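Accompanying notes for the structure given below.
The values are calculated or read from the model by the stated rules, or taken from the named source; none is laboratory data. Quantities reported herein were computed from a predicted structural model and do not represent experimental measurements. Cβ placement follows ideal geometry from the backbone for every residue including glycine, while neighbour counts extend to all protein chains displayed. Surface areas here come from the heavy atoms of the whole protein model, side chains and all, with no ligands, DNA or RNA. Shrake-Rupley method; radii C 1.70, N 1.55, O 1.52, S 1.80 Å.
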Amino acid sequence: MNIDDDDGPPQLSAETLKALQEWQQEQENNKTNNVPEEDWQLSQFWYNNETATRLMNEVIAILPQNGKCACIACPTVWSLMRKEHPEMDNILFEYDTRFSTDSNSFIEYDYNDDDRIEQNYVSLKHTFDVLIIDPPFLSRECFEKVSRLVKFIGKTSPQCKHIICTGAIQEENIKDFFPGAYCVLFQPQHERNLMNPFACFVDYETKTLNTE
């Protein structure tokens with residue numbers, strides 16, 4: 001901020017003004033896509049619009065005809081797909097019930113209830129062709145429990161494809177709980193810059209996500 005008592009009120013620097021404008025644009029995108037404010041207590045950090053769009057386009061490219069997509073703790077991609085492609089069979093598994101306005105495509109999900117996966121989701125066993133996964137917490141326990149849901153609701157390999165977005169430091173957990181997944185060049189970005197760099201992992205061959 002540049003301050004000059006002779007030139008009136010303080011003026012924002014060009015860099016600060018640009019950052020403010022980008023933030024305002026992201027807020028407008030969220031309103032358009034019906035995405036509520038982040039709740040940091042729930043470890044929520046929304047993707048920026050470019051990242052959500054790129055992941056959506058990847059799903060469209062790999063989803064078979066009449067296929068089903070599950071977004072696990074990944075509401076920004078789900079919201080964008082609902083807006084841009086309402087014809088897609090796209091289900092959100094999410095703890096935050098603020099996203100439950102569309103009961104036909106929202107399923108309340110708490111990763112700590114992993115001992116009741118079969119009971120809660122028996123009708124969805126081996127249903128989904130593509131799963132986008134963003135484990136809500138960067139802990140081994142969380143990855144293990146989320147992976148149990150993934151194995152239960154996803155079609156059997158190699159029919160099912162997985163896209164996992166998480167902290168880059170979680171590569172060992174990815175290898176342990178999502179066999180065959182590897183890191184691609186694409187790096188997910190968030191509306192607010194996070195201290196921990198994010199990475200994207202897939203378990204199928206992709207060209208579109210192997211460019212930065």
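Look at MET88 and say whether it is of a type in the set (A, V, I, L, M), at pLDDT below 95 and under 24 Å from THR206 (Cβ atoms).
So MET88 passes the test.
Look at the range 127-142 and say how many of its residues are touching a helix residue (DSSP H, G or I) at 6+ places or on another chain (Cβ under 7 Å) and either free of Cβ contacts under 8 Å to residues at least 24 places away in the same chain or surrounded by fewer than 16 Cβ atoms within 10 Å (Cβ to Cβ) (or both).
Counting residues in the range 127-142 that are touching a helix residue (DSSP H, G or I) at 6+ places or on another chain (Cβ under 7 Å) and either free of Cβ contacts under 8 Å to residues at least 24 places away in the same chain or surrounded by fewer than 16 Cβ atoms within 10 Å (Cβ to Cβ) (or both) gives 2.
Residues checked against (1) at pLDDT below 90; (2) among the small types (Gly, Ala, Ser); (3) assigned to a helix (DSSP H, G or I):
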position: GLN44; (1), (2), (3): yes, no, no
position: ARG54; (1), (2), (3): no, no, yes
position: ASN57; (1), (2), (3): no, no, yes
position: ALA70; (1), (2), (3): no, yes, no
position: TRP78; (1), (2), (3): no, no, yes
position: PHE93; (1), (2), (3): no, no, no
position: ARG98; (1), (2), (3): yes, no, yes
position: ASP102; (1), (2), (3): yes, no, no
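I'd like to verify a number: residues in the range 183-212 that are part of a loop (DSSP other than H, G, I, E, B), open to solvent by less than 60 Å² (accessible area, probe 1.4 Å) and of a type outside the set (Asp, Glu), how many?
Number of matching residues: 6.
Please go through the range 143-182 and give me each residue that is open to solvent by 60 Å² or more (accessible area, probe 1.4 Å), within 22 Å of PRO197 (Cβ to Cβ) and either among the polar types (S, T, N, Q) or not in a helix (DSSP H, G or I) (or both), ordered by number.
Within the range 143-182, TYR182 is the sole residue that qualifies.
I'd like to check something: does the range 173-188 contain any residue that is of a type in the set (S, T, N, Q), within 18 Å of GLU50 (Cβ to Cβ) and in contact (Cβ under 8 Å) with a residue 60 or more places away in the chain?
The answer is no; no qualifying residue exists.
Within the range 128-168, how many residues turn out to be farther than 25 Å from ASN66 by Cβ, modelled with pLDDT of 95 or more and of a type in the set (Phe, Trp, Tyr)?
1
Identify all residues within the range 151-171 that are of a type in the set (A, V, I, L, M, F, W, C) and closer than 13 Å to ASP203 by Cα; write none if there are none.
Passing the criteria: CYS160, ILE163, ILE164, CYS165.
Are any residues in the range 104-142 in a helix (DSSP H, G or I), polar (S, T, N, Q) and over 23 Å from PRO86 (Cα atoms), and if so, which ones?
ASN112, GLN119, ASN120
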